[in-house]
Structure formats: structure tokens, C-alpha cells
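Peer 1: The structure follows.
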Number of protein chains: 2
Amino acid sequence: MKKLGLIAGAGDLPLLLAQSALAQNRMPIVIQITQPTSLQLESIASETYAFGIGQVQKITRTLLDSGVRELAIIGKIDTGILFRPFLVDPTAVRILARNRNKGTRAIVAAVIDHFESKGIRVVEQHQFLSRLMPEEGVLTKRQPSQSQWADVEYGMQLARQVADLGIGQTVVVKNRMAVAIEAIEGTDEAIKRGGKVGGKGVVVAKAAATDHDFRVDVPTIGDQTLKTLRAIGGGVLAVEAGRTFVLNQPALCEQADQWKIPIVALA
Amino acid sequence: MKKLGLIAGAGDLPLLLAQSALAQNRMPIVIQITQPTSLQLESIASETYAFGIGQVQKITRTLLDSGVRELAIIGKIDTGILFRPFLVDPTAVRILARNRNKGTRAIVAAVIDHFESKGIRVVEQHQFLSRLMPEEGVLTKRQPSQSQWADVEYGMQLARQVADLGIGQTVVVKNRMAVAIEAIEGTDEAIKRGGKVGGKGVVVAKAAATDHDFRVDVPTIGDQTLKTLRAIGGGVLAVEAGRTFVLNQPALCEQADQWKIPIVALA
């Protein structure tokens, strides 16, 4: 069986990817970088290792020693870590030094280049998880109202522009006004702020940049996103069709219908 | 003496504008819309009135009855009011009905059009306050470091793009990353969030849209902005030259120098 390296952050996505990989005849070799490996993930991987995010050299060596030629990087990484001191090995130091002052995206791209230069191809996350990506349409039974559609369209256009500027993926709008824009504080925080400022009925739109690199991140919504939106009395959740992971779509949409929150995927 | 209508929100700017108007031989006729008229403002205006923000008809009538042909609109208006119920008279209802779902800027433009259609010209705020606008350069003795300059330039470029999208005026950046983007929560809140997410040394940049309407708002920094930045251990405050009011510039820059926070104005 071919091997698939899996650098795993937090959340359910690493496990889902590992399961799909196995179903596609790839044996997952897991490098956990933010928390103890989940038992389920351990049970399906033939090898599991744990390293810090800055131990690039050790991670590379481990993958190569295991015969990995294809690598997926997936799962939440607390972006706050970038502003705190963390352990970096010589390879990470070299990457950081060459890309200092160029921003997170440049550093991430340099890390990927590093893996590829060692003969380890980094694949797009949805190569193994395309089933999580919705097609265009309203995913819930509940449909947006005409006024909500106007906010959905405005919000999605704005979210794409904001993502293209390299800022963030999520915007919260109401009556064609931006009430909250996510930078790096995270989607939940942006939604909460949007509710605080805009009151009930705000619309949340999430989008990725035109040139978004799907090898390290796919915009994702799930249970937590919906709960946060419900908590502030939010109106609609809008994502991009074919460019967003919707976790547990059937259950999520059932819950959303109960709460009268339409979920839509725009092309 | 010619009269100058003055629709006055909160803060010091209405008084400063009234003083400048008087110095330029215009008698201020004050319409206070958010709080009791300050005694100083009352003492230099020949007439003062108080109305709610939605009493457009009464305001128009009062200005016309006083013989006002030129009007300045200045001072802070709590944007939160737009999401709460407030008293609107028939003229305001008509303006809102015609511009519903077009956003704040369209409504503000419609209110200005309304005044102008009644023969009351709305002037740009800095017609009477250009002395508050800095020229290009570092306003403090303290100069930004080379790394800070890189953030200032990135931040200002981003702030202009964000403003052009109709989002907000303030961005907080660090190491060429956006850590907080202001929507309508206000500059202070955005700065606080930037400090929380990005830690010490963040750079704040404030800019207006290319087509910004200086009749109803001029980006402004002052004592409060600097205090908030100091409270989070911020690094630099950057504004646009000739497009920003800097309140109390000499005292502000002295304080900023003591706190080692450079203030720069970019062309």
C-alpha cells in the first residue's frame, strides 16, 4: 500500500482525511503537531509521531525514513502561536530567516517548497476530502428571504475581496453593511462581534482568496460555526461551493433547519 | 455676518469648527443631535437647537428659518443607533424608504442631497479645519524603525484598500500581517483587538476611501487613539497626510514621544 504522510493539527479533519486516504488505498503516516494523537487516528495509522510546529527538520527526516512521497497537511493550528516563542530547529530557522517580514503565507509556502525539494509532494486537502465540498445551491430546506439573499450576495462578494487582500475569510454583514471583518482572530470571534455590533439577523459569508492554496487550508464550517451563529441570532450562513468543507452536512443542515438558519453554497 | 449651519455630533470637533468659522467671519447656528450642547459651543453660537438624528424635516425647517445657506455636519455619531429604533419624521422616513438596503453611505448621501435640494450647501469639514490636517512626514521626534516602516507601508496600503471596499478606516498589522480590521465597531475596539491578537508592537494605520465624502466625516486621531495604542503596547500610529484630523497635534506628539510611539502622516 502507498503511504500518505499526514501532518495533523487539531479538530476532526485529520481523522476524516486519514479514513478517506485508507479507503483510497493509502496508509497514513501521522505527524501530530498540536495535541495528543486521537485514539481513532492512531488506530488507523501505521505509524504516529508527535513534533512541534517548528521542528521541520525532524518532521522531514521522519517522513523520508518512513518512505513517504506524498504529504497532506490538515487540521487547525492556533495562529496565536506565531506571536509566541516556539521551538524551531535549524531548518525552520533557515526558512524563517529567509522569509522574515514576508508574512504567514510566504512562510507556509516556503515550508511546502522545503518538503517538495526533499521529494515529498504536498497534496491539496480535498484530493482526499472532495465529498465534504458542497455543490452550488441552498443546502438546507430553509430558503433565505429576498432581503437575506441581497446580504448573502453582498457578503460573499465582500468576503472574496477581503480574502484577496490577504486579510481573512469571514465577513459579517447586515443590510448591505460590513459589521465585522475577520483578520486572524478566527471565525467564531468575528461572528460573535458581528452579533454584538449588528444585532440579530446578521449574515455570515466565508470565502477563500482567488489564489488560495488548498494544500494547507480549506475554509471549513461545522457544528461550532452554526452554534455560534445561532447564539447571536444570526440569519444565514453562506460559503463557496466546491471550495469549502461542510462537516457533517446532513446533521448540520437538519439542525440549521430547526433553527431556521439557511445554509447556502455560492458558485 | 454670513451664517454657517452646524449639525453637531459628540466630541471636540464641532466646537473647533465653530471657532474657526467665527474666525472666518461666519456665525454658527448650531443643531445638536447627540448630546446637550457644550457651554462653550453655546457661548459662541447665536442660536442653538437640539434635535434627534431622524428629525430631518425639523432640522431643515430650522436652518432655513434662520437663513442658513451653508451647512457643516461634524462630530461623532454613535453608529449603533442605526441598528436601534429611533424617532424619524416624514422626511427621514421618505429618505430611508428610497434608500433602504443601499447601506449607510447611500443614506448619508441622500440626506446631503436633501439639504442641497433645499438650497443649503453642505461644505467639507476641512473647509474650516484644514489647520488640523498634517502634511506628509513623521510628526513626532521619534522615528519608526526600519521594520516598523515596512509595517506602516503595508498597513497604509491595506487600510486604503479596506476603506475602498466600504468596510472601515483602521487596520492593525504586525510583521506584514493583518491582525485586526475595523468594520463599524470603531477605531478603539479595533486597536484593542489588534493588541489582544497581535501582542506588543502592532502598527495602526488609518485611511479613507479614494472617493471618501469629507462633508460628513474626516478620519480623526487624538488623545484617545494614542492612549488606546499605548495601553496595548502599540508601535506606530500612521495616518494619511492632508486627509486626517490630528487633534491637539503638539501635545499629542509630545505625549507620543514620551511613550516612544512615532506618529507618521503618509501621502
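The values are calculated or read from the model by the stated rules, or taken from the named source; none is laboratory data. From a predicted model like this one, the values you see are computed outputs, not experimental measurements. Cβ coordinates were reconstructed from backbone atoms using ideal geometry, including for glycine residues, and neighbour counts include every protein chain displayed.
Peer 1: Considering only the range A:229-246, I want to know if a residue exists there that is among the basic types (Lys, Arg), assigned to a loop (DSSP other than H, G, I, E, B) and farther than 27 Å from residue A:17 by Cβ.
Peer 2: no
Peer 1: Suppose we filter the range B:173-192 for residues that are at pLDDT 95 or above, under 14 Å from residue B:221 (Cβ atoms) and among the β-branched types (Val, Ile, Thr); how many remain?
Peer 2: Residues meeting the conditions: 1.
Peer 1: Select from the range A:34-44 the residues that are in a helix (DSSP H, G or I) and not aliphatic (A, V, I, L, M) and write down the one among them that is surrounded by the most Cβ atoms within 10 Å (Cβ to Cβ).
Peer 2: Initially, the range A:34-44 is screened for residues in a helix (DSSP H, G or I), giving A:39-44.
Cutting the leftovers down to not aliphatic (A, V, I, L, M) gives us A:40, A:42-43.
Values: A:40: 13, A:42: 15, A:43: 11.
Within the range A:34-44, the match that is surrounded by the most Cβ atoms within 10 Å (Cβ to Cβ) is A:42.
Peer 1: Residue A:37 fails exactly one of the following numbered conditions: (1) closer than 23 Å to residue A:126 by Cα; (2) at pLDDT 80 or above. What is the number of that condition?
Peer 2: (2)
Peer 1: Mind checking whether some residue in the range B:217-231 is over 19 Å from residue B:263 (Cβ atoms), in contact (Cβ under 8 Å) with a residue 40 or more places away in the chain and away from chain A (no Cβ under 13 Å)?
Peer 2: yes
Peer 1: Within the range A:208-225, can one find any residue that is touching a Gly at 6+ places or on another chain (Cβ under 7 Å) and of a type in the set (S, T, N, Q)?
Peer 2: Looking through the range A:208-225, none of the residues is touching a Gly at 6+ places or on another chain (Cβ under 7 Å) and of a type in the set (S, T, N, Q).
Peer 1: Still on this structure, please answer the following. Out of all the residues in the range A:240-258, is one or more among the hydrophobic types (A, V, I, L, M, F, W, C), in contact with a Lys or Arg (Cβ under 6 Å, 6 or more places away or on another chain), at pLDDT 95 or above and not assigned by TED's automatic domain parsing to the domain that holds residue A:110?
Peer 2: No, the conditions are met nowhere in the range A:240-258.
Peer 1: For the range B:2-14, which residues satisfy the criterion of being touching a strand residue (DSSP E or B) at 6+ places or on another chain (Cβ under 9 Å) and either surrounded by fewer than 22 Cβ atoms within 10 Å (Cβ to Cβ) or within 16 Å of residue B:115 (Cβ to Cβ) (or both)?
Peer 2: Answer for the range B:2-14, where residues must be touching a strand residue (DSSP E or B) at 6+ places or on another chain (Cβ under 9 Å) and either surrounded by fewer than 22 Cβ atoms within 10 Å (Cβ to Cβ) or within 16 Å of residue B:115 (Cβ to Cβ) (or both): B:2, B:3, B:4, B:5, B:6, B:7, B:8, B:9, B:10, B:11.
Peer 1: Does at least one position in the range A:144-153 carry a residue that is in the same structural domain as residue A:258 (by TED's automatic domain parsing), of a type in the set (Val, Ile, Thr), farther than 24 Å from residue A:4 by Cα and over 20 Å from the mean Cα position of the chain (by Cα)?
Peer 2: There is at least one residue in the range A:144-153 that is in the same structural domain as residue A:258 (by TED's automatic domain parsing), of a type in the set (Val, Ile, Thr), farther than 24 Å from residue A:4 by Cα and over 20 Å from the mean Cα position of the chain (by Cα).
Peer 1: Right, next: So which residues in the range A:169-188 are over 21 Å from the mean Cα position of the chain (by Cα), part of a strand (DSSP E or B) and either among the small types (Gly, Ala, Ser) or within 8 Å of chain B (Cβ to nearest Cβ) (or both)?
Peer 2: Of everything in the range A:169-188, those that are over 21 Å from the mean Cα position of the chain (by Cα), part of a strand (DSSP E or B) and either among the small types (Gly, Ala, Ser) or within 8 Å of chain B (Cβ to nearest Cβ) (or both) turn out to be A:174, A:177, A:178, A:179.
Peer 1: Scanning for something of a type in the set (Asp, Glu), within 13 Å of chain B (Cβ to nearest Cβ) and buried (at least 17 other Cβ atoms within 10 Å of the Cβ), does the range A:189-209 turn up at least one residue?
Peer 2: Checking the range A:189-209: at least one residue is of a type in the set (Asp, Glu), within 13 Å of chain B (Cβ to nearest Cβ) and buried (at least 17 other Cβ atoms within 10 Å of the Cβ).
The rows are residues; the columns are (1) buried (at least 16 other Cβ atoms within 10 Å of the Cβ); (2) assigned by TED's automatic domain parsing to the domain that holds residue B:236.
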{"site": "B:29", "(1), (2)": "yes, no"}
{"site": "B:32", "(1), (2)": "yes, no"}
{"site": "B:46", "(1), (2)": "no, no"}
{"site": "B:72", "(1), (2)": "yes, no"}
{"site": "B:91", "(1), (2)": "yes, no"}
{"site": "B:112", "(1), (2)": "yes, no"}
{"site": "B:116", "(1), (2)": "no, no"}
{"site": "B:120", "(1), (2)": "yes, no"}
{"site": "B:140", "(1), (2)": "yes, yes"}
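Peer 1: Same structure, new question: For residue A:7, only one of the following conditions fails: (1) over 23 Å from residue A:223 (Cβ atoms); (2) more than 20 Å from the chain's Cα centre (by Cα). What is its number?
Peer 2: Of (1) over 23 Å from residue A:223 (Cβ atoms); (2) more than 20 Å from the chain's Cα centre (by Cα), only one is false for residue A:7: (2).
Peer 1: What pairs can you find where one residue is in the range B:152-168 and at pLDDT 95 or above, the other is among the basic types (Lys, Arg), and their Cβ atoms are less than 8 Å apart, with a gap of 6+ or different chains?
Peer 2: As it stands, the answer is B:154/B:176; B:159/B:206, since those pairs meet every condition given.
Peer 1: Okay, next question. Which of the residues spanning the range B:85-103 are in contact (Cβ under 8 Å) with a residue 24 or more places away in the chain and in contact with a Lys or Arg (Cβ under 9 Å, 6 or more places away or on another chain)?
Peer 2: Scanning the range B:85-103 gives B:89, B:91, B:103.
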